[in-house]
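The values are calculated or read from the model by the stated rules, or taken from the named source; none is laboratory data. The structure displayed is predicted, hence computed values, not measured ones. Positions of Cβ are generated from backbone atoms using ideal geometry, with glycine treated the same way; all protein chains shown enter the neighbour counts.
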Amino acid sequence: MGPVRVALLGILAYILLFCVAPVTVVTPQTLTPYLYIAFCYLGFFCGCIIAQGPRKRGLRSDSSASLELSDEHLMKLHRIVIAAATLGAILKVIDTFFIRHVSLASTAVDRVSEIDSVGPNPVSIVCAVLVPACLLAPFTYLLLKRHNLATRTHSIVAHVLFLIPVLGSIAIGGKRSMALLYIIIYVLYRVYFGRFRLTTGTIIKALAGLIAILAGSTAIFNNRLQEMNLNPLDTVYTSAFAFTLQPQAWISQIMLHDPGLIGNIAFSVLMTCQYYLHGVFEFVYQYQNAPSMHIWGAASFNAYYKFLAVIMNWTRPSELWEAVSVRIGVFTTFFGPVFSDFGWFGVFYMTGMGILAQRLWERSRSGFIGAVPFYIYLVYTIFLFPVGNNVTNAQGLYSISVFALFFWLVASHTRTRRRAIS
C-alpha cells in the first residue's frame, strides 16, 4: 500500500474514532492550527506525487529481485543484524543494571527515576544506536526462511532478541508505546512475507490480539496508578491527555458505579481514546501558546544534532526543546515537533518526507528487500501522523538510521552480486 493511501487511512481512522469516542474537547479551538496540519498533509502528498516514477510493466517480483542476493549474502546480512542486536541488548542490560543501578524490586516510578538520574554515557549512546537492530532480527530470519535457509536456532535467537526491548520497556519503565511499535512492525513483516492472509481465522486472531494488547496496556497503566496512589476515575480527569479531552458524563458514571469488569472495560476504552485522540487538540494548544522562536531541526533530527552539539559546543537539544515546548512530555501529533523546528517551513519538510516514503514504496514494490523494513516503519509513522511523531519519539531516529544502514548493506551486496554475475 502506497504512502498516500496509508496517510488517508490514518486520517479516516482518526475521524471515525473521534466520532464514537466518549470524550469532549475542552480547550479553545481556532482554525489556523488545523490549516497548518492540512498544509503539512498537502506537502506530504505533493512529495509523493513528485517522487512517483513512470508506470512500468513487468516490475520484478519480490522473489526474483531478492534472488540477486546469494544464499551466502543473505546469511551474512542476517549474521550482521544478529551481531548488532546482540551487542545492543547486552549493552542495554549493562547500562540499565550496572551503570544506572536499576532494581527490579523497586516500583516502575522509581525505576524510571533511576534511569533518568544518570545522563548519557558511552555505553548508552552505543546501545541506542544498536538496539534498533532488534527490530530487524525477525525480518532477516523470515527472509532466510523464505529461501529455506533458516533453522530453529535462527528462529529462537531472532525472536528472543526482538522481544528484549519490548520486555525491557514494559518491565523496567512500565511503558507501552515501545511494545505497540514492535508488535505492529512484526505483524507488517508477516503480512509482507505472506504469512497473514485475510481469513476468518486471521480476523479472529487479530481481534483476540487487539483485546489482549488493550487488556495488557490497561493492566500496566493500572499498576502504575497504584504505585502513585491514584485511581482510574481520577486519572481520566487529571492526566496529561485529559487536559484537552475530558470524559463524557455517562462513561464516568459507569466507572463510578461499576468498579468491576464493566468499569475496567470503560476505563480501558476511555483511556485509549484519550491517548489516541488528544494529540491534535494538544497541537492546537501548542500553536496558540508556543513562543515565536524555532529550533531548526533540533527536534526532528535530535540524535544527529545531539552529536554535533557535543563536538561544536552548541546548546543542548533538551534546552532548546524546553524553550519551545508548551507542555513538556505531552506528544502533539507528528506536526508538533515539525512546527517547533520549522514553523510554516515545516510544509517543505513534509514534502521531503513524502518524496522519501514514495521512493521507498516503489523500491519495495519492485522487489528490493533493503527498502522494506524502512518503508514498513514509515507506514507505521505515516498512519499515526494525527497521533504522535515516531521520528522524535521512542528513539525513532535511531531506528530510521538502522533501517537506512540496512538499505545500504543490501544495496551493496546486490551490486556485488550483479558484478559477479556479469
Of all residues making up segment 69-88, the number that are farther than 17 Å from residue 408 by Cβ and crowded, with 20+ Cβ neighbours inside 10 Å: 3
Subset of segment 96-127 (residues that are touching a helix residue (DSSP H, G or I) at 6+ places or on another chain (Cβ under 7 Å), modelled with pLDDT of 80 or more and farther than 27 Å from residue 140 by Cα): 96, 99
Is there a residue being modelled with pLDDT of 90 or more, surrounded by fewer than 19 Cβ atoms within 10 Å (Cβ to Cβ) and among the hydrophobic types (A, V, I, L, M, F, W, C) anywhere in segment 387-395? no
Among the residues that make up segment 325-333, is at least one of them among the basic types (Lys, Arg) and closer than 23 Å to residue 281 by Cα? yes
When residues of segment 115-158 are limited to those that are over 22 Å from residue 400 (Cα atoms), assigned to a helix (DSSP H, G or I) and β-branched (Val, Ile, Thr), the one nearest to the chain's Cα centre (by Cα): 115
Taking residue 7 as the residue in question, decide whether it is assigned to a helix (DSSP H, G or I), at pLDDT 95 or above and loosely packed, with under 14 Cβ neighbours inside 10 Å. no
Qualifying positions in segment 229-249 - part of a loop (DSSP other than H, G, I, E, B), at pLDDT below 90 and surrounded by 17 or more Cβ atoms within 10 Å (Cβ to Cβ): 239
Might you check whether a residue that is among the aliphatic types (A, V, I, L, M), surrounded by 23 or more Cβ atoms within 10 Å (Cβ to Cβ) and touching a Gly at 6+ places or on another chain (Cβ under 7 Å) occurs anywhere in segment 355-362? no
Yes or no: segment 316-323 includes at least one residue that is over 14 Å from residue 392 (Cα atoms) and either modelled with pLDDT under 85 or small (Gly, Ala, Ser) (or both). yes
